[in-house]
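What follows is a short report on a single structure.
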């Protein structure tokens, strides 16, 4: 086990003018589960591949456990990895697949067998040890890939979207299992995914990436509740955070969709100084409550679409020309066209600068 | 209430069910039978001449003249084969041919497999022209290649040796070896190779331990192709050798003035080693771990 320290990594792929990672710095503590989250093409996989040694950076440095590994080949970095496509060796049986790294490390035979048996048991692969990967299902193949990675006792465990090739139900099961295994091992883990639910549920800390840079780094709940910018708020959460154009008047009122409520203290103060401040109001669908039209402190809106999801009902509404998603309990009965009032949970409202898109805080 | 609506929705319609049309099934069965018949005909077309040659080669000289010709080997005799093997140059030719075949195979794999890998994996400058250039070797007739080669070999002292024929055959086989293996290497996912690197392999080890084994079917196909090509190639071998003839060259040179039995025996001996080689390589062609490709 060891910490990972990434400093100022820059990488451009040959034939491309865009930076795949643009001056990324990231520290992963020993034993920490760090998730790199972002849309495709944001550079998260490139970052992982550079840590793995499969790609080399143009600039910057990577060290694992205090040892510089920036330009070391992958086999000299003492790490193991789970690939998105499993990448199990089709010409080897499950047993030799799991033991492959140990054989390469010249681990004594009895220790090797003990470890393979332990990993197979942990991942429920014992009955399949003498089969070829082609005779296994996708989920079992991914288990082989995980078993192959965990027997290594490596300093660092890297995972590149390990669940994305599994079907939805299996993914849910395996996610919990993976979390349990990694907790047991306690190894430093760097995990790449584009699935925000995976990121939220697995990580100790999550680094949200955008266009080769880290947009926000923090505890998953913090990232969810206090997105650093509009991109993060829109990327994390299902449905994504609502963004409404608004304005804080000089008198300290927040105007949204032609209706006004009270603005928070710090915004009112800067608005009073500048004589009015345009803001982007961010609010999550589950922090909006339905009230009767005309209740004081509510905004008038019209229901457009009703989508029952089972555990909740998702409403798409028109709020003075802007579209807003509202999540209500499934017991609430509304129909499209209904005119209702919306009350925002004041503590959950976030404000963003309309130009820089960055979050505004006191 | 909802229960009742469900029942109503699934209740059978009042009109009678249409009769099941079984004609598509019959058509399918007929097509399958036709396919089988086609397969049998093609097999016979390929196998019958081989059988007849084998029959004639293992019959006595007298039996060859019989009419009608018997299809059952009722007078088995090794007399024909023995006479054939004892005639001058045949045994030597056989040994030369086997040597040429094996060395050609080894040399073309040693050069061709890494080349195929490079073509498949790396985007190096001039890759496309290189692939096109490979095919040019085959575009030139063997005669055109052989005559200058003969002169070159005469100067360098390679003329009339097994090595000379091996070099020619390797040059002829390389384009196909490279093209076949590169297409197979393309099918080996990069991820798997990277996984090998992560789990402790150097690039060469990753190639030998993971990529090569996965490319076995393609390498087997290239091997069969190379060996059979080398075994059958007559023209170049005839031009480049005088005394160290390969079997086909030897048989060809004495075919015109030989009796019928000699020709059958020669044909038989030419067919058998190639068949044996294909027989052994076959399982690598079709057998992929745990899933048989048929």
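The values are calculated or read from the model by the stated rules, or taken from the named source; none is laboratory data. All values reported here derive from a predicted model rather than from experimental measurement. We place every Cβ from the backbone using ideal geometry, glycine too, and count neighbours over all the protein chains shown.
What's the total number of residues in region A:172-190 that are surrounded by fewer than 20 Cβ atoms within 10 Å (Cβ to Cβ) and closer than 25 Å to residue A:40 by Cα?
So the count comes out to 6.
Here is a list: A:247, A:293, A:269. Which entry is modelled with pLDDT under 90, surrounded by fewer than 18 Cβ atoms within 10 Å (Cβ to Cβ) and part of a strand (DSSP E or B)?
Only one candidate passes the filter, namely A:247.
Can you pull out the helices (runs of 4 or more DSSP H) entirely within region A:75-181 that have at least 2 residues that are within 14 Å of another protein chain (Cβ to nearest Cβ) and closer than 23 Å to residue B:189 by Cα?
In region A:75-181, the matching helices (runs of 4 or more DSSP H) lie at A:94-104, A:138-150.
Write out, first by first residue and then by second, each pair whose Cβ atoms fall under 9 Å of each other, whose residues are 6+ apart or on separate chains, and whose first residue, in region A:306-334, is at positive phi while the second is assigned to a loop (DSSP other than H, G, I, E, B).
Close Cβ pairs (under 9 Å, with a partner that is assigned to a loop (DSSP other than H, G, I, E, B)) amount to A:310/A:330; A:320/A:257; A:320/A:258; A:321/A:257; A:321/A:258.
Under the condition of being free of Cβ contacts under 8 Å to residues at least 60 places away in the same chain and surrounded by fewer than 20 Cβ atoms within 10 Å (Cβ to Cβ), which residue from region B:176-189 is nearest to the other protein chains (Cβ to nearest Cβ)?
The residue in question is B:189.
Within region B:233-240, is even one residue touching a helix residue (DSSP H, G or I) at 6+ places or on another chain (Cβ under 8 Å) and within 14 Å of chain A (Cβ to nearest Cβ)?
no
Please indicate, with yes or no, whether at least one residue in region B:205-225 is more than 14 Å from chain A (Cβ to nearest Cβ), in contact with a helix residue (DSSP H, G or I) (Cβ under 7 Å, 6 or more places away or on another chain), without any contact (Cβ under 8 Å) to a residue 12 or more places away in the chain and under 27 Å from residue B:153 (Cβ atoms).
So far as region B:205-225 goes, no, none of its residues is more than 14 Å from chain A (Cβ to nearest Cβ), in contact with a helix residue (DSSP H, G or I) (Cβ under 7 Å, 6 or more places away or on another chain), without any contact (Cβ under 8 Å) to a residue 12 or more places away in the chain and under 27 Å from residue B:153 (Cβ atoms).
Please find, within region A:53-78, the residue that is surrounded by the most Cβ atoms within 10 Å (Cβ to Cβ) out of those that are within 20 Å of residue A:205 (Cα to Cα) and touching a strand residue (DSSP E or B) at 6+ places or on another chain (Cβ under 6 Å).
A:62
Can you confirm whether residue A:215 is within 30 Å of residue A:153 (Cβ to Cβ), in contact (Cβ under 8 Å) with a residue 12 or more places away in the chain, not assigned by TED's automatic domain parsing to the domain that holds residue A:347 and not in a loop (DSSP other than H, G, I, E, B)?
So residue A:215 does not fit the description; no.
In region A:51-63, what count of residues is obtained for those that are at negative phi and either more than 23 Å from the chain's Cα centre (by Cα) or away from chain B (no Cβ under 14 Å) (or both)?
Number of matching residues: 7.
Taking the conditions exactly as written (in contact (Cβ under 8 Å) with a residue 12 or more places away in the chain and surrounded by 16 or more Cβ atoms within 10 Å (Cβ to Cβ)), does residue A:197 satisfy them or not?
Criteria not met by residue A:197.
Any chance region A:130-146 includes a residue that's under 19 Å from the mean Cα position of the chain (by Cα), over 23 Å from residue A:114 (Cα atoms) and surrounded by fewer than 19 Cβ atoms within 10 Å (Cβ to Cβ)?
No - not one qualifying residue is present in region A:130-146.
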